[in-house]
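Down below is the structure, laid out as structure tokens.
The values are calculated or read from the model by the stated rules, or taken from the named source; none is laboratory data. Computed from a prediction, not measured in an experiment: that's the story for all the values here. Here the Cβ is made from the backbone with ideal geometry for all residues, glycine too, and neighbour counts use every protein chain on show. SASA here: full protein model, heavy atoms, side chains in, ligands and nucleic acids out. Shrake-Rupley method; radii C 1.70, N 1.55, O 1.52, S 1.80 Å.
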Amino acid sequence: DLENIKQELKKADGVLDDMLKDNVKPNMWIFNSVIKRFVQRNDYTAARRVMALMKESDLKPDVVTYSTLIDGYARDGNEEAIANIQAEMARNEIYPNEKTITSTIKVFSRSNMDSDIDSRLEMLLKSLPPGEMNEHTFGVLVNVYGKRKDMSAAMGIYHHIISKGRQVNDVIMCSLLDGYVRSGDLPTANKLFHEHYTSKSVRPPSAWS
């Protein structure tokens, strides 16, 4: 039951304290695992305490550490906390990976899309190391622009994917179609559908299309 689960989690977290008391130095995997556990329980104060212990053990938080925090804050839609973490990563010269960027973009897609969304997205994408963008990240980004009815930006991502010889998967295509439908531009939505599916005799892989 829930109480037994809580007790097991408490025992697991106590292992880290016991290791430190016995002068056994935990490695990054152990520290990050404990931080992930606290984040899953929305206990960010405890997660930060573990990060402090990590630094005392001469280990620096890495991209996994920060990605775990960002993923937790993304679930809560806490944009301010994510922005603070990204600033901390920049100060420590820790570069985000695809998971970090995707989690952050998802927060933006659920937000009210404030006026500086474009500059923030641009900053995020510039901070991403080459080769880290994958089809999932592209799909989430197109979804953001589609929901904003910013189809010029969405198509910019679409043409960028094609120019790089990358796959335009169903998530990306459906996000584009959804954006044009939201914008009331059904002719362009039909044109895209025809070019991507009908003209190639390809059956859409999902009912979403």
Within 20 Å of ILE101 (Cα to Cα) and modelled with pLDDT under 85, is that true of GLY139? yes
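When you check GLY146 against the structure, is it within 25 Å of THR104 (Cβ to Cβ), of a type outside the set (A, V, I, L, M, F, W, C) and surrounded by 17 or more Cβ atoms within 10 Å (Cβ to Cβ), yes or no?
yes
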Could you tell me how many of the residues in the range 30-43 are more than 19 Å from GLU93 (Cα to Cα) and either touching a Lys or Arg at 6+ places or on another chain (Cβ under 8 Å) or open to solvent by less than 60 Å² (accessible area, probe 1.4 Å) (or both)? 8
Kindly provide the set of residues from the range 167-209 that are in a loop (DSSP other than H, G, I, E, B), of a type in the set (Ser, Thr, Tyr) and more than 15 Å from LYS147 (Cα to Cα), ordered by number. TYR197, SER201, SER206, SER209
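Just give me the residues in the range 56-84 being more than 15 Å from ILE94 (Cα to Cα) and more than 19 Å from the chain's Cα centre (by Cα), in sequence order. Give the steps one after another, and end with the answer.
From the range 56-84, those more than 15 Å from ILE94 (Cα to Cα) are 56-58, 71-81; that's our starting set.
Result: GLU56, SER57, ASP58.
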If you go through the range 44-93 one residue at a time, how many are open to solvent by less than 20 Å² (accessible area, probe 1.4 Å) and part of a helix (DSSP H, G or I)? 16
Provide a single number: the residues in the range 71-104 that are of a type in the set (Val, Ile, Thr) and farther than 21 Å from ASN143 by Cβ. 2
Scanning the range 166-197 residue by residue, those of a type in the set (A, V, I, L, M), within 15 Å of SER152 (Cα to Cα) and open to solvent by 30 Å² or more (accessible area, probe 1.4 Å) turn out to be VAL181
Show the residue pairs meeting these rules: Cβ distance below 6 Å; 6+ apart or different chains; first residue within the range 155-174 and under 20 Å from THR188 (Cβ atoms) and free of Cβ contacts under 8 Å to residues at least 60 places away in the same chain; second residue assigned to a loop (DSSP other than H, G, I, E, B) and open to solvent by less than 80 Å² (accessible area, probe 1.4 Å). ILE161/VAL168; ASP170/SER206; CYS174/SER209
